[in-house]
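Heads up: the structure comes next, in structure tokens.
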Amino acid sequence: GAVPPPPHQPPPVALSQINKQLNKQNQQRPRPRSNHTNNKRSSHSYNNKNNGNGAMSITVTQHNTESFVEDKPATPSRSSQRNDGSETRESDADYDLLQRDQNYRPSIVADMQHSDTNLNVTIDRFGFPMDENMDEKEHRKQVKKENARLLKWQDMVFSKKSGGASAEADNEIDQQIHHWNVVKNHRKLKSRIRKGVPQQLRGTIWQNLSGARERRKIECARYGSKNLYNDLRGRKKSPYHDQIWKDINRTYRKNLAFGASQLANATANVNNDKKKNDSNGNNQKSGTQKFFKNVLQDTSVILTPQDLEKNATPAQMALYNVLKGFSLYRKDIGYCQGMQAVTALLLMYMTEEEAFWVLASLADDTKYQMDNLWRPNMPAIQLRFYQMERLVKITCPKLSSHFEKHGISSASMYQASQWFITIFLATDMTFETIYRIYDIWLNEGYKSVFRFGIGFLKYFQKDLLNSDFEQMLEMFRTGGKLVD
């Protein structure tokens, strides 16, 4: 006697027949279009119109589109096989990142006199123009590596067991601090930071590494205000108002958010370069790509800080608010040129208030000791130079002797002031490298800056030893762009 199936279920033979029939129907049915509303992303459309004066005006509109392609393979992801509640699909993230970097090609020229109608440029994930000759195979490999690391970070920081997801969702600062005190003792945290914090998590991780949330809680209690940053933001103008706006106009000119720069290859420039190369007998490639400042941000149009303030982008306005609030919060520091570059980098990942408290932690915390580098006359900069010179003598004795022989007697000649004041932001290093440097610096403190500096010199040691004084100065100035 076999036991009959329950009355509410069909027998096994009937089940197999039903499944075969359903599979046959699914194969004949066209694949439906995805309707996931939580997988929408913002895109831009640009309408080019000629205004009759030879200038092309570009209208930018923003709308939501479905991130769906019918021939995309529906492969299972690792996260779908786990029980931690994560809904991240590795294949989706891989595909979306590739499409974003490959197809996001807005024209960023607005009201500029030119005769070239093909002024499009590819924008990378950070908002900077990128090389169009992207190796898609290498890019796909890099995206897969980033996605694999993202899954590990999600397990470490936002798993249900640790309560990280609920702490971030509730936005309760006490819960966030308590949760991070557990995460920071993870045995693999340091090694994973050195490999790179995932792009999607940098804002949260940087706040935790710098102690910005603890700083906010302590300072708000000390001043007796839960919204200290908003109080500072609402005060009168900073004594450094004009200087801040002057430096904002110099900040990340090639970034879309901070100044709306244009990358163009105008016909006039092509012809000029061609004539110049022909007259000099050079065979260099003509039509070098050039950057043009937006008319609203052009120094020939904006003569005063008040003009820039009236035409500032939202990101520039947020940058001013943070720097103004900090100059009123730390009156002993006020404002120092270089702070705007650090703050602008933070604003790419955080809100104004979050960036303000990270900046405050960099100045207040002995782990970073940035206050004496940002104060008037920079009292700690000579100490940093001396420490760097001694480290070069200990770790690179041949290089140190070569420097002395050719009259390079101070670390200031290495362009080391840019290393310490802006943490390499003022160098020509790529932003991929800069972000990795900031990941490590925010975790390990100012001692890591010396390590990066020594690493930079060792990277070029062979070339430096075969260079004279002028060649070494040029290498210090432009060598950052060669660091990978």
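For this structure, a couple of remarks:
- Qualifying residue in the stretch 381-399 (condition: among the acidic types (Asp, Glu) and either surrounded by 16 or more Cβ atoms within 10 Å (Cβ to Cβ) or closer than 23 Å to Gln207 by Cα (or both)): yes
- Residue match in the stretch 319-328 (condition: small (Gly, Ala, Ser), open to solvent by 10 Å² or more (accessible area, probe 1.4 Å) and in contact (Cβ under 8 Å) with a residue 40 or more places away in the chain): no
- In the stretch 384-406 there is no residue that is in contact (Cβ under 8 Å) with a residue 60 or more places away in the chain and closer than 22 Å to Leu189 by Cβ.
- Among the residues making up the stretch 217-249, those that are open to solvent by 80 Å² or more (accessible area, probe 1.4 Å) and either closer than 22 Å to Arg125 by Cβ or in contact (Cβ under 8 Å) with a residue 12 or more places away in the chain (or both) are Lys217, Arg233, Arg235, Lys237, Pro239, Lys246.
- Any chance Ala169 is open to solvent by less than 70 Å² (accessible area, probe 1.4 Å) and either modelled with pLDDT under 85 or closer than 21 Å to Lys226 by Cβ (or both): no
- Contacts under 8 angstrom Cβ, first residue in the stretch 354-381 being on the phi > 0 side of the Ramachandran plot and touching a residue at least 12 places away in the same chain (Cβ under 8 Å), partner part of a loop (DSSP other than H, G, I, E, B) and among the aromatic types (Phe, Trp, Tyr), 6 or more apart: Gln369/Tyr446
- Among residues of the stretch 438-475, those that are assigned to a helix (DSSP H, G or I) and open to solvent by 10 Å² or more (accessible area, probe 1.4 Å), counted: 22
- Within the set Lys144, Lys188, the sole residue that is modelled with pLDDT of 85 or more, open to solvent by 30 Å² or more (accessible area, probe 1.4 Å) and closer than 21 Å to Ser210 by Cα turns out to be Lys188.
The values are calculated or read from the model by the stated rules, or taken from the named source; none is laboratory data. Note that this is a predicted model, so its numbers are computed, not measured. Backbone-built Cβ (ideal geometry, glycine too); neighbour counts: all protein chains shown. We work out accessible area using only protein heavy atoms, side chains counted, and drop any ligands, DNA or RNA first. Shrake-Rupley method; radii C 1.70, N 1.55, O 1.52, S 1.80 Å.
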